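Report on the following structure.
The values are calculated or read from the model by the stated rules, or taken from the named source; none is laboratory data. Here the structure is a predicted model, which means the values were calculated and not measured. Here Cβ is always computed from backbone atoms with ideal geometry, including for glycine, and neighbour counts include all displayed protein chains.
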Amino acid sequence: MDPAEDLPQNKVFGKKRLPSAHLFAKIEQQDQAPCQHGREEAFSSMKLLEERIRKDGIIEQGDVLKVDSFLNHQMDVELYREMGREWARLFAGEKITKILTIEASGIGIACVAALEFGVPVIFAKKSKTKNIAGEVYSTVVTSFTHGNVNTVIVSKKFLGPEDRVLIIDDFLANGAAMLGLIDIVHQAGAEVVGCGIAIEKAFQPGGARLREMGMRVESLARVSKLGDGVIEFID
Ligand code: 5GP
């Protein structure tokens, strides 16, 4: 059977696609090559992202994982595309109408994912104005990496009760960013279909908090341990 048969229809290009051949070549060279499980398994488990984190991730103080060379500063858009395809596979049939993220580092992955879903992306903007009324939904988010508190806003023009929203972000740590974005979707009377996370730091409480609330959280890599030069993942 053509392995593309199980993949969701790509709304933008109108055909089913597999990861590009040379990305498969990259993972097949690695120790945890997909040989035992086959290509589809490797595709769905996003081992590619885990391996990239192992190879290029830098552990910083304060439980921070730096992934500037492929995710947060220089951007490996081919890897982004595989991530987008995986979320499209996981959320196939969910009739998502909008993708919501938060500036700045969620924007790139959300845009590439949106190509797979064929829907617009909205990013919540960090606003300098404290009291904004009327035209925007607003909420307050404490930044994990900077420790400061931001008011984030989304124009009421772009989100309404008819929307079914997938929220995407690069990291999930304590869950403040996700909870803020969920609050904005709820203010709009729209539905959160789920959260698509690139890297969940599962040793921090955000993932458990969201799942306890009944949220569907699909994290492509789940880090269970970070420190002493070691990064471990939950399979
Ligand atoms: P949370 O709101 O879940 O506590 O943290 C998520 C946000 O903080 C993400 O938007 C992400 O930008 C940032 N963040 C959290 N942990 C890390 C990390 O280990 N590395 C990087 N680069 N960003 C992180």
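Give the residue, chosen from Phe123, Phe91, that is touching a helix residue (DSSP H, G or I) at 6+ places or on another chain (Cβ under 6 Å) and of a type in the set (Phe, Trp, Tyr). Quick ask: steps written out before the conclusion?
On the way: Phe91 fails: touching a helix residue (DSSP H, G or I) at 6+ places or on another chain (Cβ under 6 Å).
Just one listed residue meets the conditions, Phe123.
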**Study point:** Filter result for the condition that a residue is surrounded by fewer than 14 Cβ atoms within 10 Å (Cβ to Cβ), among the β-branched types (Val, Ile, Thr) and either more than 26 Å from Ile53 (Cβ to Cβ) or without any contact (Cβ under 8 Å) to a residue 60 or more places away in the chain (or both), over Val185, Val149, Val141
**Key:** Val149
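Strands (runs of 3 or more DSSP E) wholly in region 52-144 with at least 3 residues that are within 16 Å of the ligand (Cβ to nearest atom) and under 22 Å from Met215 (Cα atoms) - which ones? Explain how you work it out, then say what you get.
Details: elements: 58-60, 64-66, 98-102, 121-127, 136-142.
Result: 98-102, 121-127, 136-142.
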Check your understanding: surrounded by fewer than 15 Cβ atoms within 10 Å (Cβ to Cβ) and touching a residue at least 12 places away in the same chain (Cβ under 8 Å) - does that describe any residue in region 197-208?
Key -> yes
**Study point:** Residue among Glu86, Glu94, Glu78, Glu82 that is among the acidic types (Asp, Glu), out of contact with any strand residue (DSSP E or B) (no Cβ under 8 Å at 6 or more places or on another chain) and in contact (Cβ under 8 Å) with a residue 60 or more places away in the chain
**Key:** Glu82
Review point. Here is a list of conditions, (1) at pLDDT 95 or above; (2) at negative phi, and Gly189 meets all of them except one; can you say which number that is?
Key: (2)
Study note, to complete from the structure: Output for Cβ contacts, cut-off 9 Å, separation at least six or different chains, first residue over 20 Å from Gly57 (Cβ atoms) in region 210-229, second within 14 Å of the ligand (Cβ to nearest atom) and among the charged types (D, E, K, R), reads Met215/Arg209; Val217/Glu200; Val217/Arg211
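Give the residues of region 145-184 that are among the hydrophobic types (A, V, I, L, M, F, W, C) and near the ligand (Cβ under 7 Å from one of its atoms), sorted by residue number. I'd like the intermediate steps shown before the answer.
Quick first cut of region 145-184, residues among the hydrophobic types (A, V, I, L, M, F, W, C) only: 149, 152-154, 158-159, 165-168, 171-173, 176-179, 181-182, 184.
Listed by number, the residues that qualify are Phe171, Leu172, Ala173, Ala176, Ala177, Met178.
Do we find a residue being β-branched (Val, Ile, Thr) and under 17 Å from the mean Cα position of the chain (by Cα) anywhere in region 127-142? I'd like the intermediate steps shown before the answer.
Pass one, region 127-142, residues β-branched (Val, Ile, Thr): 129, 132, 136, 139-142.
After this cut, where a residue has to be under 17 Å from the mean Cα position of the chain (by Cα) as well, the list is none.
The answer is no; no qualifying residue exists.
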Check your understanding: Within region 191-235, restricting attention to residues that are of a type in the set (Asp, Glu) and in contact with a strand residue (DSSP E or B) (Cβ under 6 Å, 6 or more places away or on another chain), which residue is nearest to Leu100 (Cα to Cα)?
Key -> Glu191
Review point. Looking at region 176-190, which of its residues are out of contact with any strand residue (DSSP E or B) (no Cβ under 6 Å at 6 or more places or on another chain) and in a helix (DSSP H, G or I)?
Key: Leu179, His186
